[in-house]
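Comments concern the structure below.
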Amino acid sequence: MTSSKLIQGYEVVIGFETHAQLSTKSKIFSRASTAFGAEPNTQACAVDLALPGTLPVMNKGAVERAIEFGLAVGSHIAPRSIFARKNYFYPDLPKGYQISQFEIPVVQGGAVEFFLGDEKKSVRLVRAHLEEDAGKSLHEDFIGQTGIDLNRAGTPLLEIVTEPDMRSSAEAVAYAKELHKIVTWIGICDGNMQEGSFRCDANVSVRKPGAPLGTRREIKNLNSFKFMQQAMDYEILWQIEQLEDGRAIEQATVLFNPDTGETRAMRSKEDAADYRYFPDPDLPPLVIANEWVQRVRSEMTELPRVMAARFCADYGLSEYDASTLTQSKDMAGYFEATAKACGQPKLAANWITGEMSRRLNATDIGLMQAPVGAAQLATLISRIADATISNNAAKQVFEALWSGESADVDAVIESKGLKQMNDSSALEKIIDDVLAVNAKNIEEFRAGKDRAFNALVGQVMKASKGQANPAQVNELLKRKLS
Amino acid sequence: MSAAMDKKPSAPHGDLHDLSVTELAALLRDRKVSAVEAAQHFLARIRAQPQLGAFLALNEDATLNQARAADERLAAASAGPLEGVPIAHKDIFVTRDWPSTAGSKMLSGYRSPFDATVVAKLKGAGAVNLGKLNCDEFAMGSSNENSAQTPIGFSAPEPVKNPWDVSRIPGGSSGGSAAAVAARLTPAATGTDTGGSIRQPASFCGITGIKPTYGRASRYGMIAFASSLDQAGPMARSAQDCALLLSAMCGPDPDRDSTSLDLPEEDFSRQLNDSIEGLRIGIPKEFFGEGLSADVRAAVQAALKEYEKLGAKLVEISLPRTELSIPVYYIIAPAEASSNLSRFDGVKFGHRAAHYSDLADMYQKTRSEGFGDEVKRRIMIGTYVLSHGYYDAYYLQAQKIRRMIADDFQQAFRQCDLIAGPVAPTVAWKIGEKSDDPVANYLADIFTLPASLAGLPGMSLPVGFGAAAMPVGMQLIGNYFSESRLLNAAHRFQSETDWHSRKPAGI
Amino acid sequence: MSLTSSDIARIAKLARLELPAAEAERMRTQLNDFFGIVEKMRAVDTAGIEPLEHPVATFQDIALRLREDRVSEPNQREANQQNAPALERGLFLVPKVIE
């Protein structure tokens, strides 16, 4: 519903801030492990706990991942960027400030491109900056108290900030999915949303078309695409309702409650507005030499958009198919293997985006677990291409392969007798029989009625139990009737 | 051995506590005295003379264990340059075997799971830790009246006293270090200098102290006050001793401190005896204005005459923004401090209020109870100058003038090799004299702040006595990384004079 | 410029300090004394001057030193929590945090 341009006469404006946990082994400023799920505070070292006298030392792996991301989305990699302190008190923030980047971030500009349906979209990035994650507050099982686990404190984050370019919740979700694809594709983030490795904050506002930007409310910590959509849809309608009732929107940070499907303003952090940012005196400027950027570029895996372009050029695919096939490395790999093996890229694309995807979605398993491998699919497609079987027959073969009835394409074609009848003498015999008993249709045809010809074709196909090659039937019939 | 441990050490060269670090190290190396004997001698003195309030914590077992280990290395001839030499640490350095409080109620009884890098390096060089020394709370102060901790031998917090006149302050913030060295309770001590906290107490107590170039000594394990200014340095009786100690304290700490410089370890003693013939000493006219008291001026000028005798040339220079260094420093340092001290929130360590209604109340009561007045004042100033709408006018403006001040020094060093002047406008004042006038305390830092803001090495050496027969120190400031040259100039002076070997009466 | 008592209250809240009326008033006087000596500084023309965050930067180029991405901190929970005011099952306890 919210993919339409206007809702009740209001234009939706959405910007995203995404926190992607970087896949380093050690923390951003300490040498403690970032592994998920350890016993509370067993991976919080002296530096992470901000014990008196401790100081931060920057992890090269985190910087390298930031560079990879910047290159993946066409950003400028700042040759010199600054770490700053964001000061606020919170029990899960051990130092009483978060080391982040403020005035000069490491990644500047860039854009994320994706398809919304078959419409191509591009969302501009403002920046992506390095910062440290906070710990976790456990509110359960402590009567009147909160337990603090600082294992997560100091985990490297890349905060990726967009311009307010998105105009619907659907577009915003599509952006988030594309961003998720990019960070997991280049391997800088494991993308595990349940474990909080990829968390999105949505800045949502609405306005009458042409009016200045409305006041935004920030929906925090959206960690599933489903909730993301629900939360934004609820928030959009809530804001419109407020405005319609003549109430002004107040800037606020809100949380989405999956149980009620509603958003509500947070009560804490109200007075944390004044973060007193200043350059961290413990950390000299982060200097990134061009040689480093070039080295990272040369070592990077082929990016989805580059690969998609190559699919269009080398295999003559449509942009849409190419982008669908580069949704994941698995799918892209599966496609290339199939296309190369059967030499029929277009057919391969159709089968993978069509029959294969349908079945995967229905059974909710990954492409790599699919019972039909690239080699089998390639053989199947070859049989269609060389007219051994018809498309309908191919679907039956696919079914047999999928259900595990057999793993051998040709065996299935044999056993089910799906081979198209391509030897003309046998076909001519059938045609002659059909013509012999259909004088009426022949007259009508000669009188110029195409319907009659189609009827004859149908008769022949029927008599051949569907095994005749329709093209061949047409050709022979024409010859005999002329 | 155990017999030797019980009887008073019979040192061939008079009392052990009158020996310099250099002399003591030689005696130990020659096995004329054992490390255990030395440690016990000083522990006994500290126990016997607690009235100065210099020491906050002793751990005799830990001290003697270190001493025994030193004796083993001395026996095995695998001794370090300071093997067996007793030293005490300002309580701003964290230590595993002694509580680490920074002189604050916030950290009463705090035990660090690790040793500060400087502490570990001195231990690695063989030094034996006698204990922890009193200081102004979080090193904020220049009189040592701001400590909230109770010295050994007392039952309540007590200001450190100046051994030359116990009614006077020893200076600060490394006041316990200066008093202990001057009173021969330890041959040497560590200090930290953010705006003069090594140089000023050294001057007030008639000892020698040096603050190296910012980044020379690792800040890891130094409880942070102002990160872009804090530097560790030695405090001892002579430049020769300071050189020995500084060589052991400095060096890169790449895994622990991002601001420690990538400079190889250096032997700061190597130039001690070089001639200073032709050395150009810059005299900043702004250091000799009407703010300078006559007694200090006279002592410093006499010392400069001595330098001329040694072949140095005096050159008048200008450091035009000397006065501005007061507001600039007292904006930058509190700004950094307000952030550095946010970790003291009663959650992970340190004081937590006994009674509170909710989280916000817990934070406020914990911090209000745990911090003393001066610390609160600086947190307030720092929070204000960083807050929305004031950052540019105060913090940013201060950082810009800081660069101008640093550039002024580079201008000056085109005309001279090092700079000399007073450390403080007066001698040590009376306890309580300025304690309810914070700004008066700030103004007294005028001569030490410029070098701190520029990150330059600076030192203080005794050059005579002023009003009330109190010691006067002279400040020497060098360009970046010129510590050896500074120590050389100071050592040559001390080779010709005996101000540095004078003792307070009754010591 | 001169700080009012509401300024003092705002700053104290930001800094999580509780200042009883008398203390707040003394703080206000002392801070205003201090900002008296700051006025000179505000008048200085600093057009085109780069702020100096790291002292040695006036003398040589400085760049952040980077560490290889290796884990070398063992679990030292017991030692690291020995000074904790309130603990339960390895967690630091604080008054309920309301989101």
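Values in this text are rule-based calculations from the coordinates and carry no lab data. This one's a predicted model, so the numbers in the text were calculated from it and none came from an experiment. In this analysis, Cβ positions are derived from the backbone assuming ideal geometry, glycine residues included, and neighbour counts consider all displayed protein chains.
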Computed, not fitted: 222 nm per-residue ellipticity of chain A from DSSP H runs ≥ 4 (each -39500 (n - 2.57)), nearest 500, equal to -12000 deg cm²/dmol
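Only Cα pairs under 8 Å and at least 6 apart count here; give the relative contact order of the stretch A:308-358 as a rounded whole percent. Mind showing how you got there, number by number?
Values: 36 pairs, mean separation 16.8, N = 51.
Here the relative contact order equals 33 percent.
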Amide H neighbours of residue B:292 at under 5 Å, excluding residues fewer than 5 places away on the same chain, with H built from the backbone geometry, are none
Among A:369, A:388, A:466, the residue whose Cα sits farthest towards the positive end of the charge dipole of the stretch A:334-482, when +1 is placed on the Cβ of each Lys and Arg and -1 on the Cβ of each Asp and Glu, is A:466
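Can you pull the percent of Cα pairs in the stretch A:325-406 with separation above 14 Å?
Numbers: 1959 of 3321 pairs.
That tail contains 59 percent of the Cα-Cα pairs.
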Largest fluctuation, C:71, C:44, C:56 only, Gaussian network model of chain C with Cα springs under 10 angstrom, belongs to C:71
For the stretch B:62-209, the Cα gyration tensor yields equivalent-ellipsoid semi-axes (√(5λ), largest first, whole Å) of 26, 17, 13
Debye calc, one equal point scatterer per Cα of the stretch B:273-381, no solvent, log10 I(q)/I(0) at q = 0.16, 0.17, 0.21 1/Å comes to -0.82, -0.86, -1.09
Taking only C-alpha positions in the stretch A:102-168, Rg and Dmax in angstrom work out to 18.1, 53
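Can you give me the convex hull volume of the Cα atoms of chain B, divided per residue and expressed in Å³? Can you show the working numbers first?
Numbers: hull volume 70.7 nm³, N = 507.
It comes to 139 Å³ per residue, whole-number rounded.
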Honestly chain C on the Cα gyration tensor test (a ≥ b ≥ c root eigenvalues; a/c under 1.5 rounded, otherwise a/b vs b/c for prolate or oblate) is just oblate
Honestly the protein assembly as shown on the Cα gyration tensor test (a ≥ b ≥ c root eigenvalues; a/c under 1.5 rounded, otherwise a/b vs b/c for prolate or oblate) is just prolate
With x for Gly and Pro, the residue-by-residue ³J(HN,Hα) of the stretch A:462-478, computed from phi through the Karplus equation 6.51 cos²θ - 1.76 cosθ + 1.60 at θ = phi - 60° and given in whole Hz, is 4, 4, 8, 6, x, 8, 5, 7, x, 4, 5, 4, 3, 4, 4, 4, 3
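Relative contact order for the stretch B:277-391: what percent, with Cα pairs under 8 Å and sequence separation of 6 or more? Don't jump to the answer; show the numbers that get you there.
Values: 100 pairs, mean separation 29.9, N = 115.
26 percent.
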Violations at 27 Å Cα threshold for listed pairs A:340/A:478; B:348/B:434; A:121/A:340; A:5/A:220 -> A:340/A:478; B:348/B:434; A:121/A:340
Dividing the alpha-carbon radius of gyration of the stretch B:180-329 by 2.2 N^0.38 Å, where N counts its residues, gives 1.15
Note on the stretch B:377-507: alpha-carbon gyration tensor, axes a ≥ b ≥ c; rule is a/c under 1.5 for rounded, else prolate if a/b larger than b/c, else oblate; result oblate
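May I ask for the Kirkwood hydrodynamic radius of the stretch A:377-482, worked out over all distinct Cα pairs and given in angstroms to one decimal? The partial results should precede the final answer.
Working: mean 1/r = 0.0671 Å⁻¹.
Result for the stretch A:377-482 stands at 14.9 Å.
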Treating every alpha carbon of the stretch A:422-482 as one equal point scatterer without solvent, the Debye formula yields log10 I(q)/I(0) values at q = 0.13, 0.16 Å⁻¹ of -0.27, -0.42
Taking Lys and Arg as +1 and Asp and Glu as -1, residues besides residue A:257 with C-beta under 13 Å from its C-beta add up to -2
Relative to the compact-globule estimate 2.2 N^0.38 Å (N residues), the Cα gyration radius of the stretch A:233-390 stands at a ratio of 1.70
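Within the set A:60/A:226; B:161/C:13; A:120/A:226; A:136/B:121; B:285/B:313, which residue pairs have Cα atoms separated by over 27 Å? Before the final figure, lay out the partial values.
Working: A:60/A:226 35 Å; B:161/C:13 36 Å; A:120/A:226 22 Å; A:136/B:121 36 Å; B:285/B:313 16 Å.
Table pairs above 27 Å Cα-Cα are A:60/A:226; B:161/C:13; A:136/B:121.
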Filtered hits (lysines, Cα-Cα < 26 Å from residue A:480, offset >= 8 within chain) -> A:419, A:429, A:440, A:449, A:462, A:465
Placing one equal point scatterer on each C-alpha of chain A and summing with Debye, one gets log10 I(q)/I(0) at q = 0.10 Å⁻¹ equal to -0.88
Once phi for every residue in the stretch A:168-178 is put through the Karplus expression 6.51 cos²θ - 1.76 cosθ + 1.60 (θ = phi - 60°), the whole-Hz ³J(HN,Hα) values, with Gly and Pro written as x, are 7, 5, 5, 5, 4, 5, 4, 4, 4, 5, 5
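Considering Cα pairs under 8 angstrom that are at least six residues apart, work out the relative contact order of the stretch A:48-170 and quote it in whole percent. Don't skip to the end; give the middle numbers.
Working: 231 pairs, mean separation 27.8, N = 123.
The normalised contact order for the stretch A:48-170 reaches 23 percent.
Report the equivalent ellipsoid semi-axes for the stretch A:288-379 in whole Å, largest first, defined as the square roots of five times the eigenvalues of the gyration tensor built from alpha carbon atoms. Working shown, then result.
Numbers: eigenvalues 159, 46, 27 Å².
Calculated on Cα positions only, the semi-axes equal 28, 15, 12 Å.
Could you pull out the trypsin sites (Lys or Arg not before Pro) across the stretch B:420-507 that fall in loop regions by DSSP (anything but H, G, I, E, B) with no more than 12 other Cβ atoms inside 10 Å?
Working: sites: B:430, B:434, B:485, B:492, B:502; in loops: B:434, B:502.
Qualifying residues, ordered by number: none.
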A convex hull over the alpha carbons of the stretch A:1-122 yields, per residue, a volume in Å³ of 194 Å³
Karplus ³J(HN,Hα) for the stretch A:69-84 (6.51 cos²θ - 1.76 cosθ + 1.60, θ = phi - 60°; Hz, whole; x = Gly/Pro) runs 4, x, 5, 5, 10, x, 8, 8, 8, 5, x, 8, 10, 10, 8, 10
Under the helix-only model (-39500 (n - 2.57) for each DSSP H run of 4 or more, divided by the residues of chain C), the mean residue ellipticity at 222 nm, to 500 deg cm²/dmol, is -11500 deg cm²/dmol
Computed from the beta carbon distance with a Förster radius of 41 Å, FRET efficiency for residue A:118 and residue A:419 to the nearest 0.05 stands at 0.65
For residue B:208, other-chain or 5+-apart residues with amide H closer than 5 Å (H placed, Pro excluded) are B:236, B:237, B:238
For the stretch C:34-83, one quarter of the surface area of the C-alpha convex hull, expressed in nm², comes to 8.7 nm²
